[in-house]
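Notes to accompany the following structure.
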Amino acid sequence: MMLVRNILSIRACSFVCICALFAIFSGVFAVSAADQSAVDEVITLRDLPLLFADDSGVAFSKGVVRTIHAAQTAPQPVLQPERPWEGLRLYVYGSVYFDQATSLYRLWYASANAVLYATSKDGIHWDRPNLGIHSYKGSNQNNIIFHVGSPSVLFDKSEKDPAKRYKMLGSRFKRKDDGKIDDEVTGYYAAYSADGLNWNFYEKNPVLPRHDTVTLSYDPRTGEYLAYHKIHSDWRGYNRRIVYLSRSKDMQNWSEPAIVFAPDETDDSWAKKKPERTEVYNMAVLPHASGFLGFPTIFKVTVVGRPDMAKGQSPTDGPIDVQLVTSVDGEHWVRTTPRMPVIALGKSGSFDAGAILGTTSTSVDVGNETWLFYTALTTTHGGAMPEKKLTIGRAAWRKHGFVSLDAEDRGSVITKPLLLKQSSLFLNADASDGEVRVEIQDLAGKALPGLSFKESVPLNTDSTRHPFSWQGGVEIPVNNPIKISVKLTRAELYSLYVE
């Protein structure tokens with residue numbers, strides 16, 4: 001009997017020991033899984049800034065409020081029709097980039113019939129080079145580079161084929177002899193170029209059905225090209241302009257268009273009678289380190305159809321301005337509060353008093369500012385020529401200054417895990433009436449040696465490019481996930497970025 005009890009005791013002990021060991025290893029595996037989960041959510045800081053327009057890059061915040069900032073617009077357009085091939089209208093659904101090799105800003109814009117190209121040393125005064133690529137009335141001395149509508153150009157840094165470093169998406173439209181739309185020709189077309197000037201259509205075109213405005217963007221996390229295009233669809237009791245998204249890995253095969261941004265009940269709250277409603281004319285989309293910013297042009301339709309409509313006049317009328325929205329994945333969009341114009345209409349009689357049809361699909365940083373260019377109308381959307389003039393304006397924010405996190409007294413912000421590709425990290429904040437200190441933490445929230453708040457060299461001024469530094473001269477680790485904790489005292493935080 002004693003032998004049986006001893007055997008049972010040994011077995012019980014063995015069972016307990018095994019359970020204990022299992023618990024220990026389970027704990028290890030659980031921690032490893034948690035660490036792996038954190039690593040999977042790491043945000044890479046490389047060539048895009050970490051913005052604070054939403055919480056896509058924020059793990060914790062306290063004592064701060066989010067503020068939306070409107071752009072400052074120039075009193076005069078930066079480009080207006082001057083050449084015969086530009087006609088009476090200029091559009092900038094296109095793109096703008098700064099070319100470091102030439103120290104020039106490059107702008108792709110459009111007339112009613114062609115894609116045009118301009119360069120500038122300062123982003124304000126633009127030159128139209130005679131490129132000799134396409135002929136206009138027997139002469140190739142012009143800046144025409146291609147023929148699609150609503151041209152959106154992407155400089156693709158990830159492209160391995162130099163011949164396809166630049167990509168374009170635009171629309172084409174054709175009617176048959178009977179007046180019906182030719183679906184085999186009409187649609188959104190994809191093109192590529194080695195230099196941004198000499199373009200070729202991809203083999204498969206059109207890549208998407210229908211035609212209208214389109215913005216080409218890029219998802220740096222998935223490597224997908226994003227086409228935000230406008231389709232007239234039945235929505236909340238009206239046939240309206242709304243924004244659809246299609247994705248592609250190769251510019252040739254695109255996902256089925258899906259609605260991603262459309263007016264809601266709040267957008268329609270101003271409307272008092274039929275046919276008044278809100279539509280979305282288009283939406284430019286800019287990626288940043290942890291998500292996307294969207295710039296939808298909000299169209300308050302006041303008139304639909306008119307018996308005395310002049311030739312070339314639109315049957316729908318109303319003002320259009322630009323708002324700001326945010327997204328983590330480029331597909332699910334969140335409205336910012338308040339729903340205010342970030343590019344507002346100008347004063348009565350100005351070049352942008354009536355409507356803003358769209359903005360560039362890219363922005364440029366010029367000194368301490370970030371710029372977007374936009375299509376400006378003197379009249380509302382349905383105005384008649386010649387009172388209706390279309391030119392290109394410039395909207396300027398503080399660098400990365402679309403949104404800030406503000407601490408009236410004391411506040412703190414902790415980022416989600418970040419992976420830095422360089423140790424040259426910069427702070428963009430206004431601490432002219434207070435102070436900002438920064439601490440580098442591990443994933444558990446513990447300060448790294450030499451990189452604590454106490455050792456941080458504080459920012460006490462207004463700076464868009466304040467280098468992170470600590471008293472001991474310790475550098476931030478690269479290629480190793482960290483968190484950045486920011487303490488604000490009467491300060492505004494705009495962005496974190498590397499160069």
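The values are calculated or read from the model by the stated rules, or taken from the named source; none is laboratory data. Just so it is clear, the structure is predicted and the values come from calculations on it, not from any experiment. Using ideal geometry, Cβ is built from the backbone for each residue, glycine included, and neighbour counts are taken over all protein chains shown.
Here are the numbers:
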read-out	value
Complete set of residues in the range 248-287 that are within 27 Å of residue 342 (Cα to Cα) and touching a Leu at 6+ places or on another chain (Cβ under 7 Å)	258, 260, 281, 285, 286, 287
Candidates 201, 146, 155, filtered to the one that is over 23 Å from the mean Cα position of the chain (by Cα), touching a residue at least 12 places away in the same chain (Cβ under 8 Å) and surrounded by fewer than 19 Cβ atoms within 10 Å (Cβ to Cβ)	201
Residue list for the range 49-83, restricted to those being within 15 Å of residue 397 (Cα to Cα), in contact with a Leu (Cβ under 9 Å, 6 or more places away or on another chain) and in a strand (DSSP E or B)	51, 67, 68
Cβ pairs under 9 Å, 6+ apart, first in the range 250-265 and touching a residue at least 60 places away in the same chain (Cβ under 8 Å), second crowded, with 19+ Cβ neighbours inside 10 Å and basic (Lys, Arg)	251/167
Residues being of a type in the set (Ser, Thr, Tyr), crowded, with 20+ Cβ neighbours inside 10 Å and touching a His at 6+ places or on another chain (Cβ under 9 Å) - total across the range 260-317	1
Among (1) surrounded by 23 or more Cβ atoms within 10 Å (Cβ to Cβ); (2) in a loop (DSSP other than H, G, I, E, B), the one test that residue 387 misses	(1)
Those residues of the range 358-369 which are crowded, with 23+ Cβ neighbours inside 10 Å and either assigned to a strand (DSSP E or B) or free of Cβ contacts under 8 Å to residues at least 60 places away in the same chain (or both), in sequence order	358, 359
Which listed residue is in contact (Cβ under 8 Å) with a residue 12 or more places away in the chain, over 17 Å from the mean Cα position of the chain (by Cα) and closer than 17 Å to residue 278 by Cα, from 354, 383	354
Residue list for the range 427-475, filter: of a type in the set (Ser, Thr, Tyr), touching a residue at least 24 places away in the same chain (Cβ under 8 Å) and in contact with a Phe, Trp or Tyr (Cβ under 9 Å, 6 or more places away or on another chain)	463, 464
Single match in 327, 269 (criterion: small (Gly, Ala, Ser) and closer than 20 Å to residue 246 by Cα)	327
Failed item in (1) under 24 Å from residue 167 (Cβ atoms); (2) surrounded by fewer than 15 Cβ atoms within 10 Å (Cβ to Cβ), with residue 206 passing the rest	(2)
Meets criteria (surrounded by fewer than 16 Cβ atoms within 10 Å (Cβ to Cβ), out of contact with any helix residue (DSSP H, G or I) (no Cβ under 9 Å at 6 or more places or on another chain) and small (Gly, Ala, Ser)) for residue 411	no
Contacts under 6 angstrom Cβ, first residue in the range 182-197 being without any contact (Cβ under 8 Å) to a residue 12 or more places away in the chain, partner surrounded by fewer than 17 Cβ atoms within 10 Å (Cβ to Cβ), 6 or more apart	182/174; 182/176
Count of residues meeting criterion [in contact with a helix residue (DSSP H, G or I) (Cβ under 8 Å, 6 or more places away or on another chain) and either of a type outside the set (Ser, Thr, Tyr) or under 26 Å from residue 297 (Cβ atoms) (or both)] in the range 161-219	1
Subset of the range 75-99 that is closer than 20 Å to residue 286 by Cβ and of a type in the set (A, V, I, L, M, F, W, C) - its residue that is nearest to the chain's Cα centre (by Cα)	96
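Okay, residues lined up against (1) at pLDDT 95 or above; (2) out of contact with any strand residue (DSSP E or B) (no Cβ under 6 Å at 6 or more places or on another chain):
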position: 165; (1), (2): yes, yes
position: 211; (1), (2): no, no
position: 224; (1), (2): yes, no
position: 242; (1), (2): yes, no
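Residue-by-condition table, conditions (1) aromatic (Phe, Trp, Tyr); (2) in contact with a Cys (Cβ under 8 Å, 6 or more places away or on another chain); (3) in the same structural domain as residue 363 (by TED's automatic domain parsing); (4) within 16 Å of residue 198 (Cα to Cα):
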position	(1), (2), (3), (4)
88	no, no, yes, no
97	yes, no, yes, no
101	no, no, yes, no
109	yes, no, yes, yes
122	no, no, yes, no
125	no, no, yes, no
132	no, no, yes, yes
144	no, no, yes, yes
